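Only one structure is covered here, and it is reproduced in the block below.
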């Protein structure tokens with residue numbers, strides 16, 4: 001690796017007026033060519049396994065939060081509601097909950113095939 005008088009690093013044959021790059025300059029150049037940390041993060045998140053895990057985690061957390069919220073509301077009204085009772089109510093009265101729950105039930109056996 002060589003450096004021209006303007007400070008540009010390049011590979012190839014040394015030209016008149018250029019000098020050999022130091023190991024430190026080469027290391028700094030290699031680091032500068034790496035993607036930015038946010039780009040590295042986005043690449044990892046786009047990986048099929050990570051994307052699937054994020055989607056599944058989102059579904060499960062949303063379903064659990066919905067049940068916890070229903071139980072909390074019932075407790076504020078002096079009622080005792082089990083998770084199964086909250087689930088049964090949500091399946092009938094909360095279309096978003098039902099959609100996510102039904103999706104997870106269809107996806108669960110498919111995941112075993114991946």
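Figures for the structure shown
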{"read-out": "Search result, residues across the range 4-51 that are in contact (Cβ under 8 Å) with a residue 12 or more places away in the chain and either under 30 Å from residue 108 (Cβ atoms) or in a loop (DSSP other than H, G, I, E, B) (or both)", "value": "4, 5, 14, 15, 17, 18, 21"}
{"read-out": "Flag for residue 68 being part of a helix (DSSP H, G or I) and closer than 30 Å to residue 90 by Cα", "value": "yes"}
{"read-out": "Tally of residues being modelled with pLDDT of 95 or more and either outside any helix (DSSP H, G or I) or under 13 Å from residue 66 (Cα atoms) (or both) across the range 97-114", "value": "5"}
{"read-out": "Top-ranked residue of the range 57-79 - restricted to ones that are in contact with a helix residue (DSSP H, G or I) (Cβ under 7 Å, 6 or more places away or on another chain) and farther than 30 Å from residue 45 by Cα, ranked as surrounded by the most Cβ atoms within 10 Å (Cβ to Cβ)", "value": "70"}
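The values are calculated or read from the model by the stated rules, or taken from the named source; none is laboratory data. On a predicted model such as this, the values are computed, not experimentally measured, just so you know. We place every Cβ from the backbone using ideal geometry, glycine too, and count neighbours over all the protein chains shown.
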